[in-house]
Amino acid sequence: MIMRTLEVALGDRSYPIVVGSGLYADLPRWLQLRHITPAHSLLVVTDSSVAPHYGKRVLTPLESAGYRVQMSVVPAGEASKSLDQLSRLVEEAIRFGMDRDSAVLALGGGVVGDLAGFLAAVYMRGIRFVQLPTTLLAHDSSVGGKTGVNHPLGKNMIGAFHQPELVLFDVDTLATLPERELASGFAEVIKHALIADADFAMWLEQHHEALLRRDPTLLTEAIVRGCAIKAQVVARDERESGLRAILNYGHTIGHALEAATGYRRWTHGEAVAIGMVGEAILGELVGTARDVSGFTRRLLALYGLPVTLDEPLSDEELLTLMRRDKKARQGEYVFVLPKGIGTVEVKKGVEERVIREALRRLKEE
Ligand SMILES: NC(=O)c1ccc[n+]([C@@H]2O[C@H](COP(=O)([O-])OP(=O)(O)OC[C@H]3O[C@@H](n4cnc5c(N)ncnc54)[C@H](O)[C@@H]3O)[C@@H](O)[C@H]2O)c1
Ligand SMILES: [Zn+2]
């Protein structure tokens with residue numbers, strides 16, 4: 001059996017992340033270790049694509065162990081991260097008789113994790129929750145305690161910090177993940193390597209074939225290393241005051257690309273991949289780093305991710321969006337730029353002329 005664990009160190013809110021193969025059979029034991037016993041009711045929140053594959057695999061061991069459990073299914077897709085779905089889930093939780101000691105289990109990707117986590121954060125002013133991630137990207141969203149839903153006027157505009165009791169990541173679920181979603185998840189894994197761990201970046205280059213074949217042992221290793229990097233950053237900056245900004249590598253450009261194309265042209269991971277190449281080029285132009293964009297491009301391309309900006313977007317629009325980035329202050333451009341492979345810094349006051357040049361180079365093959 002493949003199994004690795006790591007601890008997210010947040011004082012009395014610390015929790016374990018367990019990654020491996022065939023883990024759901026042991027879910028009751030893990031819950032009990034976290035003091036969620038069969039005396040407590042469980043609401044499993046999942047989506048319409050995940051439920052048919054893994055709903056039973058989660059429910060059966062829980063029911064056998066004597067838990068009172070109900071499954072709530074939301075439609076697959078980002079649109080379910082909404083106040084409407086939240087309200088519907090609250091209603092189901094009330095009707096099911098959930099109380100302060102009950103717990104929410106989030107079975108799915110980042111959408112389900114954010115939505116179910118937010119449900120747990122606000123239901124009766126906060127109940128416990130457990131993440132059962134089923135996308136590679138969710139290795140990222142399962143660490144850090146950010147939960148929430150979208151508003152028609154903006155993504156992630158309504159939310160709360162709420163840490164899970166446990167993350168149980170069964171890599172067997174990744175077998176059914178669409179290829180494009182898998183690649184998008186790798187964009188964030190690669191991001192974690194590029195900001196903090198050059199050896200990990202080399203390892204990802206070396207093992208790309210087996211990882212894309214979804215070898216469970218290697219996937220487990222990749223997820224544990226990615227989570228460990230995020231967990232370290234979060235442990236030092238739980239509420240996002242400074243250091244945590246480095247997790248935003250590739251995201252200043254990436255978010256602008258997503259917004260400029262109405263979130264339809266690229267997945268989040270794809271936009272971040274292009275963003276990391278752009279910010280690597282920018283780092284070279286600003287002088288924080290040398291020779292990083294070539295490796296960045298090669299590594300991302302090995303995972304089938306886009307590495308050039310091949311959409312005719314106006315620089316003006318992208319610049320306006322980048323000035324609105326949450327790191328930006330007083331209209332100043334702020335970027336996370338590489339210092340080398342595996343290390344980055346936050347750079348304020350980057351000149352517009354240089355950003356334009358980086359965008360121009362990002363459009364070249
Ligand atoms: N909280 C955080 O810190 C954080 C960090 C990053 C991203 N996010 C959020 O995560 C969301 C994106 O997450 P995502 O990429 O996991 O998207 P997702 O949850 O929508 O999953 C992607 C698609 O894959 C399907 N799917 C999931 N698991 C599957 C499986 N094992 N087999 C087959 N199909 C499966 C889903 O139904 C969905 O259609 C965004 O809303 C983003 O804002 C949050
Ligand atoms: Zn991201």
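The values are calculated or read from the model by the stated rules, or taken from the named source; none is laboratory data. Computed from a prediction, not measured in an experiment: that's the story for all the values here. Ideal geometry is used to build each Cβ from the backbone, glycine not excepted, and the neighbour counts take in all protein chains shown. Please note that ligands, DNA and RNA were not included when accessible areas were found on the heavy atoms of the full protein model with its side chains. Shrake-Rupley method; radii C 1.70, N 1.55, O 1.52, S 1.80 Å.
Restricting to Cα pairs below 8 Å that are 6+ residues apart, what does the relative contact order work out to for the chain? Please round to a whole percent. Don't skip to the answer; put the middle values down first.
Numbers: 701 pairs, mean separation 53.2, N = 365.
Contact order relative to length: 15 percent.
Can you pull the percent of Cα pairs in the chain with separation above 38 Å?
16 percent
Step through the residues of segment 214-226 one at a time and calculate ³J(HN,Hα) from phi using the Karplus curve (6.51 cos²θ - 1.76 cosθ + 1.60, θ = phi - 60°), rounding each to whole Hz and writing x for Gly and Pro.
Coupling constants for segment 214-226: 6, 4, x, 5, 6, 4, 4, 4, 4, 5, 4, 5, x Hz.
List every residue whose amide H lies under 5 Å from the amide H of D47, counting only residues 5 or more places away in sequence or on a different chain, with H placed 1.01 Å from N in the peptide plane.
Correct list: V74.
Evaluate the distance, in nm, between pseudo-label points positioned 7 Å from the Cα of R356 and of E205 along their respective Cα→Cβ axes.
So the two model labels end up 3.4 nm from each other.
So, with +1 on the Cβ of K and R and -1 on the Cβ of D and E, and no other charges, what is the size of the charge dipole of segment 85-158 about its Cα centre, to the nearest 20 debye? Kindly include the intermediate steps, with their values, before the conclusion.
Values: 7 positive and 6 negative charges, 26 e Å.
Around 120 debye, computed over segment 85-158.
Scan segment 257-360 for GluC sites (Glu not before Pro) in coil per DSSP, keeping those whose Cβ has at most 10 other Cβ atoms within 10 Å, and list them by number. Walk me through the numbers on the way to the answer.
Details: sites: E258, E270, E279, E284, E316, E317, E332, E345, E351, E352, E357; in loops: E351.
Qualifying residues, ordered by number: none.
What 222 nm value per residue comes from the helices of the chain, counting each DSSP H run with n ≥ 4 as -39,500 (n - 2.57) and dividing by all residues, nearest 500 deg cm²/dmol? Working shown, then result.
Details: 14 runs with 163 residues, N = 365.
Helix-only estimate at 222 nm: -13500 deg cm²/dmol.
Need one number for segment 169-323: average projected area of the convex hull over its C-alpha atoms, nm². Intermediate results must be reported in sequence, preceding the final value.
Values: hull surface 38.8 nm².
Mean orientational projected area (segment 169-323, Cα hull): 9.7 nm².
Dipole size in debye (nearest 20) for the chain around its Cα centre, Lys and Arg Cβ +1, Asp and Glu Cβ -1?
Working: 42 positive and 46 negative charges, 131 e Å.
Computed about the Cα centre, the dipole is about 640 debye.
Give me, ordered by chain and number, the residues 5 or more places off M71 or on other chains with an amide H under 5 Å from its own placed amide H.
The answer is V44.
Using the 2.2 N^0.38 Å rule of thumb for compact globular proteins, work out how segment 20-168 stacks up: its C-alpha Rg over that value, please.
Numbers: Rg = 13.9 Å, N = 149, 2.2 N^0.38 = 14.7 Å.
Against the compact-globule rule of thumb, the ratio is 0.94.
Under the Karplus relation 6.51 cos²θ - 1.76 cosθ + 1.60, θ = phi - 60°, what is the ordered set of whole-Hz ³J(HN,Hα) values for segment 11-21, x standing for Gly and Pro?
Each residue of segment 11-21 in turn: x, 6, 9, 4, 8, x, 10, 10, 10, x, 10 Hz.
So for the chain, taking the charge dipole from beta-carbon charges (+1 Lys/Arg, -1 Asp/Glu), which of T252, L211, L62 sits furthest toward the positive end?
Looking along the dipole axis, the top candidate is L62.
How large a share of the accessible area of the chain, in percent, is made up of carbon and sulfur atoms when the probe is 1.4 Å and the other protein chains stay in place? Before the final figure, lay out each step's value.
Values: 7450 of 15140 Å².
Carbon plus sulfur share of accessible area: 49 percent.
Which ³J(HN,Hα) values in Hz, rounded to whole numbers, follow from the phi angles of segment 322-331 under the Karplus curve 6.51 cos²θ - 1.76 cosθ + 1.60, where θ = phi - 60° and Gly and Pro get x?
Karplus-based 3J(HN,Hα) across segment 322-331 equals 5, 5, 8, 4, 5, 6, 5, 10, 6, x Hz.
Of all DSSP beta bridges located in the chain, what percent are antiparallel, nearest 5? All intermediate terms of the calculation are to be shown ahead of the outcome.
Numbers: 18 of 42 bridges.
In the chain, DSSP labels about 45 percent of beta bridges as antiparallel.
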